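The values are calculated or read from the model by the stated rules, or taken from the named source; none is laboratory data. Bear in mind that the values here come from a model prediction, so they are computed numbers and not experimental data. Backbone-built Cβ (ideal geometry, glycine too); neighbour counts: all protein chains shown.
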Amino acid sequence: MADAIIIGAGYAGMSAAALLAHAGRKVIVLEAADAIGGRALSCRDEAGYLWEYGAHSHRLSYKGIANDLFRRLGENIDFLPEDHDAKLIFKGRLWERPEGPAGFLKTPMLSLGARLLLIALLIRIKKADPGQWYDQTLHDFYKTSFQNREVEAFLPFLGMTVMCPSPDKVSAGEVIEFLQRALKAGVSVGEPRGGSAQIFSRLAKHIGQNGEIHLHEKAERIMTEEAGVTGVQTGEATYTAKNVIFAARLPLLPDLMVDRQLPKTLLDYAKNLEHSSALTIDFITDRPVTDIRSGILGVDIPLWARFQSNADDSFTPHGKYLSTWGIMLPWHFDGDLKIVEEAEKRLISTISTLFPELISRVVRKRKVVVPVMNGNVLTPVQSKPHRPDIECTTVKGLYLIGDTVRGDGCSGDISFSSAMKAADKILGLSRDGAGKGKAAGL
Ligand SMILES: Cc1cc2nc3c(=O)[nH]c(=O)nc-3n(C[C@H](O)[C@H](O)[C@H](O)COP(=O)(O)OP(=O)(O)OC[C@H]3O[C@@H](n4cnc5c(N)ncnc54)[C@H](O)[C@@H]3O)c2cc1C
């Protein structure tokens with residue numbers, strides 16, 4: 001019998017399993033696909049290219065949530081040295097991305113009046129209580145005190161920090177919470193050396209010390225008895241455990257529960273979950289087309305990009321250079337290929353304006369339509385207070401983790417933080433303000 005069975009080997013499942021294995025618990029990870037990684041999959045092909053499912057980076061670098069997890073494992077993520085040449089795309093041009101409020105005060109991107117208003121907005125954000133704003137949009141927050149077209153045109157940048165660029169869609173509380181942490185941390189994003197492969201190989205090593213990862217083995221049923229879990233059934237075997245951690249997207253959960261024991265609120269939430277989608281394209285060139293090492297974010301076009309091999313030459317064979325570009329697809333994208341074509345045209349046209357040499361230098365290209373960009377879009381109804389709790393209230397021993405439940409932060413950070421919370425609950429740990437664990441009740 002295992003101490004915990006974990007369904008899904010993405011950031012969330014691998015993190016929870018590693019924490020439990022590190023604490024001496026026996027774990028079994030079941031993964032339906034034939035590789036670990038989920039939506040942060042990373043693999044090297046025979047020609048020596050490291051292909052990532054969307055070039056993952058970690059917010060707030062070594063002060064961020066992903067690194068908190070590694071600290072609990074007694075390590076730190078090996079981040080590439082921080083470069084200070086991040087860029088923004090605004091009004092069709094590339095600008096230096098301002099660093100901190102002082103940078104915003106000086107940026108030539110905006111008029112002096114707009115810069116002063118933006119600083120006033122940042123001060124309001126710094127002082128606001130996120131708890132009062134989760135249920136309203138960033139635009140609602142902005143309009144309570146401000147009115148300026150230029151600043152309004154810049155608001156998508158604030159939304160983009162939590163991957164939801166529309167000011168009239170993103171929860172103000174989520175943006176406020178993230179920006180408060182970012183202003184305090186004073187660091188931006190961290191790129192793990194060797195990409196997310198580093199994250200997964202290190203987590204797998206911890207799991208290997210006290211557990212197993214079963215690839216290509218899909219969980220088909222979560223077994224229960226008297227409203228408590230007893231294990232998991234797959235096509236190949238039955239595994240017993242008192243704890244089951246479901247670490248895949250919530251909409252997949254009801255299919256694994258035979259008699260619909262889940263709370264109605266959770267089922268409704270899962271059914272109505274709103275996703276975002278993106279098109280990502282990797283371009284390989286035979287020459288570097290720029291020396292930019294940090295990321296590029298679009299303000300008036302919802303895109304992001306990185307020239308990975310400028311900062312980390314392990315991504316490509318010698319003499320080849322990789323850049324990854326992603327553009328968000330319209331909300332409610334339903335698989336219509338015409339929409340993908342339009343997004344690709346818009347992306348290529350932007351690239352051609354900003355880096356005229358890039359497209360003509362491409363020797364290889366890979367295109368992926370990512371149906372689910374984040375597990376959920378951080379709208380008011382999908383903001384932290386409204387996401388389902390990590391401990392299932394109706395089935396004892398069932399924990400729900402991943403980026404669709406009530407973790408902290410946004411995107412992958414929700415997966416890491418929900419994994420830490422679930423592991424703490426199983427280990428009976430409570431956390432003090434400094435994040436140090438102590439046995440509950442002591
Ligand atoms: C293109 C792109 C770029 C991104 N960039 C960033 C970034 O830079 N920074 C960031 O923080 N986040 C980023 N994200 C978001 C991040 O990838 C996700 O938030 C994160 O990977 C989600 O991890 P997860 O473990 O919660 O879920 P998943 O990665 O979806 O993992 C769930 C796993 O469960 C498995 N599974 C499902 N059903 C079963 C079953 N029945 N039995 C067994 N296994 C099952 C799936 O195969 C999958 O491997 C990006 C996402 C995309 C798509």
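Is one or more of the residues making up the stretch 301-319 among the polar types (S, T, N, Q) and touching an Asp or Glu at 6+ places or on another chain (Cβ under 7 Å)?
So far as the stretch 301-319 goes, yes, one or more of its residues are among the polar types (S, T, N, Q) and touching an Asp or Glu at 6+ places or on another chain (Cβ under 7 Å).
Of I359, I351, I401, I414, which residue is surrounded by fewer than 16 Cβ atoms within 10 Å (Cβ to Cβ) and either at pLDDT 95 or above or within 30 Å of L322 (Cα to Cα) (or both)?
Checking each option against the conditions leaves just I359.
Grab the helices (runs of 4 or more DSSP H) fully contained in the stretch 85-175, keeping just those with 3 or more residues being on the phi < 0 side of the Ramachandran plot and surrounded by fewer than 15 Cβ atoms within 10 Å (Cβ to Cβ).
Numbers: elements: 100-106, 112-127, 138-143, 149-160.
Qualifying helices (runs of 4 or more DSSP H): 100-106, 112-127.
If I filter the stretch 367-379 for residues that are of a type outside the set (A, V, I, L, M) and exposed (fewer than 15 other Cβ atoms within 10 Å of the Cβ), do I get at least one hit?
Scanning the stretch 367-379, I find at least one residue that is of a type outside the set (A, V, I, L, M) and exposed (fewer than 15 other Cβ atoms within 10 Å of the Cβ), so the answer is yes.
Please verify whether L60 is more than 30 Å from V369 (Cβ to Cβ), surrounded by 15 or more Cβ atoms within 10 Å (Cβ to Cβ), within 16 Å of the ligand (Cβ to nearest atom) and under 23 Å from the mean Cα position of the chain (by Cα), treating the condition exactly as stated.
Values: more than 30 Å from V369 (Cβ to Cβ): no; surrounded by 15 or more Cβ atoms within 10 Å (Cβ to Cβ): yes; within 16 Å of the ligand (Cβ to nearest atom): yes; under 23 Å from the mean Cα position of the chain (by Cα): yes.
Spelling it out, it is not the case that L60 is more than 30 Å from V369 (Cβ to Cβ), surrounded by 15 or more Cβ atoms within 10 Å (Cβ to Cβ), within 16 Å of the ligand (Cβ to nearest atom) and under 23 Å from the mean Cα position of the chain (by Cα).
Whether any residue in the stretch 192-204 is modelled with pLDDT under 95 and outside any helix (DSSP H, G or I) is what I want to check. Give the derivation first.
Filtering the stretch 192-204 for residues modelled with pLDDT under 95 gives none.
No: the stretch 192-204 contains no residue that is modelled with pLDDT under 95 and outside any helix (DSSP H, G or I).
Of (1) touching a helix residue (DSSP H, G or I) at 6+ places or on another chain (Cβ under 6 Å); (2) farther than 23 Å from G231 by Cβ; (3) more than 13 Å from the ligand (Cβ to nearest atom); (4) not charged (D, E, K, R), G92 satisfies all except one. Which?
(1)
Mind checking which strands (runs of 3 or more DSSP E) fall wholly inside the stretch 296-405 and carry at least 3 residues that are over 25 Å from the mean Cα position of the chain (by Cα)? Explain how you work it out, then say what you get.
On the way: elements: 296-298, 303-306, 321-328, 362-370, 398-400.
Correct list: 362-370.
Would you pick out the residues in the stretch 333-354 that are more than 15 Å from A278 (Cβ to Cβ) and not aliphatic (A, V, I, L, M)?
Selection gives K338, K345, S349, S352, T353.
Any residue at all in the stretch 433-441 that is part of a loop (DSSP other than H, G, I, E, B) and either under 17 Å from the mean Cα position of the chain (by Cα) or within 13 Å of the ligand (Cβ to nearest atom) (or both)?
No: zero hits.
Within the set of pairs 6+ apart or on separate chains, which have a first residue in the stretch 30-47 that is under 11 Å from K218 (Cβ atoms), a second that is near the ligand (Cβ under 8 Å from one of its atoms) and among the β-branched types (V, I, T), and C-beta atoms under 7 Å apart?
Cβ pairs passing all conditions: L30/I7; L30/T234.
Return yes or no: is A219 within 30 Å of Y134 (Cα to Cα), buried (at least 21 other Cβ atoms within 10 Å of the Cβ) and in contact with a strand residue (DSSP E or B) (Cβ under 7 Å, 6 or more places away or on another chain)?
no
When you go through (1) part of a strand (DSSP E or B); (2) over 19 Å from F178 (Cβ atoms) one by one for E75, which number turns out not to apply?
Checking E75 against (1) part of a strand (DSSP E or B); (2) over 19 Å from F178 (Cβ atoms), the one that fails is (1).
List pairs: first in the stretch 203-229 and within 15 Å of A241 (Cα to Cα), second aromatic (F, W, Y), Cβ under 8 Å, 6+ apart or cross-chain?
Close Cβ pairs satisfying both conditions: I222/F246.
Here's the yes/no breakdown for (1) more than 8 Å from the ligand (Cβ to nearest atom); (2) in a helix (DSSP H, G or I); (3) under 16 Å from G231 (Cα atoms); (4) among the polar types (S, T, N, Q):
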position: D3; (1), (2), (3), (4): yes, no, yes, no
position: A9; (1), (2), (3), (4): no, no, no, no
position: M14; (1), (2), (3), (4): no, yes, no, no
position: A21; (1), (2), (3), (4): yes, yes, no, no
position: G24; (1), (2), (3), (4): yes, no, no, no
position: A33; (1), (2), (3), (4): no, no, no, no
position: I36; (1), (2), (3), (4): no, no, no, no
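Could you go through the stretch 269-286 and let me know if any residue there is among the hydroxyl-bearing types (S, T, Y), more than 15 Å from the ligand (Cβ to nearest atom) and assigned by TED's automatic domain parsing to the domain that holds R364.
yes
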